[in-house]
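The next block holds one structure in the form of structure tokens; read it before the comments.
The values are calculated or read from the model by the stated rules, or taken from the named source; none is laboratory data. Only a predicted model underlies this, so the values are computations on that prediction, with no experimental measurement involved. With ideal geometry, Cβ positions are generated from the backbone for all residues, glycine too; neighbour counts draw on all protein chains shown.
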Amino acid sequence: VVNRSLGGGLGGRTPRPPLGGKGWRGSRQPLPSPSSTGQGDAPAAPPGTTREDVVLLDVDGMHCAGCVSRVRKLLEDQPAVRGASVSLATETALARVRLATPSHSSTGSKADELEKSGGEALNGGGGALEALGASLAQVGSAAARHGLLIRGGDILEAASRIDTVVFDKTGTLTRGRPRLVATRPAPGVPPALLLTLAAAVEAGSSHPLARAVVEAAGGGGGLPAASGLVQEPGAGVRAHVEGHGLVAVGSARWALGDEGESGAKEGVGAAPRGVHAGDPSMRSSHSPAPPSPDTGSHAVVHVSLEGGALGTLELADEVRPEARGAVAALRSLGLAVLMVSGDGAGPCAAAAARLGIAPADVHARVSPAGKAELVARLRAGGARVAVVGDGVNDAAALAAADVGVAMAGGVGAAADVAGVVLLGDSPAQVVDVVRVGRATLRKIRQNLAWAFGYNLIGIPLAAGALLPLTGLALTPSISSAFMGISSLAVMTNSLLLQPEVERLARHGAQDAGRERTAVPDAKELSASQASA
């Protein structure tokens, strides 16, 4: 994964820039692959490892700018899907055609038989499919106007059946804009050096904690150059910092050499390579840091140089103001709410307390693979799971869930695998997704019930069920009129879904205690595009 930092040659960073330009500067080395076996090839990275480097570009134009362009592109790229209701509607239509096949005895003239057959066929039309298509078109356009990009009818159906919601913490339930609150260098290590080396490495990462470290160091200006950046989701990042050596930043195991293919495996407190271990100044500078308060309410980032502990950085991230209301609203709908994070137990417990999530529903220190395993266990136990996340660490869990929900403010990897993208970037919109899904399924069932009931009565009448008793039978012209009335009823009922979706969205905003994030340009989406 190449993280391209753009900014008109100024080295600015943006996670998903709709920009174009020329004048690349940076690493041009191809990323090693597991099939690289030739002499001199770089060793293949283990599964789950992300390699990044910074590339500078002189921007010469804006491309694909605007919310609507991005949404339309996403919609156009979606393949056709067949949810359970699509299959049900198709089978319904086929059953109606079978019912419409003439089954009466040949006691009348050929003209009478032809007339009855025509009436049966007209009464056995495709109202069921009309019901489904109209419902999905209405909910797709209305949902897009309220900041919900839902990729297909099968996603809506799955959302209507969700009983468990698993939230990522950082960037989803929290603002994703942490700030540095404490610097804890090891004895003899200048605090400025600790922060500078950490920021030099983190400048090549897109993680929220990395951005906070870089901002605390002055925004990246004047930092020493770093190369050979390697990032492992859920663990940390390391790179060679010019004039210093290999610097690792992340969890204690990652930074101090106890995890992964680390060049920093020389032990906690080891002196840097090339430095005499007897040098008292270097011994004091690289002695082990004091125990980090991982059980506290702040996230703790460990920093090491050539395997020796430099110290820790503590960062705090605010809980989103609407998150507690979203959790409460989901619970009121009968859903279980869990929180999962790669952070330590302390920060997770503190956030859960503010959100009203029970300690038993909090899963801390979970790796990206562990998140996917948690989802798999929940589903194996019969739960129907939605996962809400924003980063590459959540991508595997999003793909493993019944419904993956990505925050719009996150990285592209999460949005690529998610079935729903929250354009408003608010966890409160998860409530809207569930409510809209349930309302859509309810409307589809109403329309299918009407179609079944109409044909249960209409087809026998068209076949002449009342002819022996009353001498009356439905002619093709009358049958076609009744069929038109039935289709009109189905379509009218489907059109009522749009105001219902908008009402649910407004109600959800009030329940969560937040203002809806406007997506004004999305009003330009047509019903056919929004339900593609």
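Kindly indicate whether any position in the range 166-180 is assigned to a helix (DSSP H, G or I) and among the acidic types (Asp, Glu).
Among the residues of the range 166-180, not one is assigned to a helix (DSSP H, G or I) and among the acidic types (Asp, Glu), which makes the answer no.
Would you mind stating whether GLY219 is assigned to a loop (DSSP other than H, G, I, E, B), under 33 Å from the mean Cα position of the chain (by Cα), surrounded by fewer than 22 Cβ atoms within 10 Å (Cβ to Cβ) and of a type outside the set (A, V, I, L, M)?
yes
Residues ALA186, ALA203, ALA239, ALA252: which one is under 25 Å from GLY171 (Cα atoms), touching a residue at least 40 places away in the same chain (Cβ under 8 Å) and in contact with a strand residue (DSSP E or B) (Cβ under 6 Å, 6 or more places away or on another chain)?
ALA252
Restricting the search to the range 339-357, which residues are more than 20 Å from the chain's Cα centre (by Cα) and assigned to a loop (DSSP other than H, G, I, E, B)?
GLY344, GLY356, ILE357
Please go through the range 473-530 and give me each residue that is assigned to a loop (DSSP other than H, G, I, E, B), modelled with pLDDT under 75 and more than 22 Å from the chain's Cα centre (by Cα), ordered by number.
The answer is ALA473, LEU474, THR475, GLY513, SER526.
Would you be able to say whether some residue in the range 273-282 is modelled with pLDDT of 50 or more and hydroxyl-bearing (Ser, Thr, Tyr)?
Checked the range 273-282: no residue is modelled with pLDDT of 50 or more and hydroxyl-bearing (Ser, Thr, Tyr).
This table checks each residue for (1) over 14 Å from ILE150 (Cβ atoms); (2) hydrophobic (A, V, I, L, M, F, W, C).
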position: VAL421; (1), (2): no, yes
position: GLY453; (1), (2): yes, no
position: LEU456; (1), (2): yes, yes
position: LEU488; (1), (2): yes, yes
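Any residue at all in the range 358-370 that is more than 21 Å from the chain's Cα centre (by Cα), in a loop (DSSP other than H, G, I, E, B), among the small types (Gly, Ala, Ser) and under 24 Å from VAL403 (Cα atoms)?
Among the residues of the range 358-370, at least one is more than 21 Å from the chain's Cα centre (by Cα), in a loop (DSSP other than H, G, I, E, B), among the small types (Gly, Ala, Ser) and under 24 Å from VAL403 (Cα atoms), which makes the answer yes.
Could you list, in sequence order, all residues of the range 232-250 that are farther than 11 Å from HIS302 by Cα, part of a strand (DSSP E or B) and within 24 Å of the chain's Cα centre (by Cα)?
Within the range 232-250, GLU232 is the sole residue that qualifies.
Looking only at the range 305-338, count how many residues are over 19 Å from GLY437 (Cα atoms) and not in a strand (DSSP E or B).
10
Return the residue satisfying two criteria in turn: it lies in the range 468-487 and is touching a residue at least 24 places away in the same chain (Cβ under 8 Å) and hydroxyl-bearing (Ser, Thr, Tyr), and of such residues it is farthest from ASN447 (Cα to Cα).
THR475
Across the range 139-165, what is the total count of residues that are over 17 Å from LEU398 (Cα atoms) and part of a loop (DSSP other than H, G, I, E, B)?
Summing the residues that are over 17 Å from LEU398 (Cα atoms) and part of a loop (DSSP other than H, G, I, E, B) in the range 139-165 gives 2.
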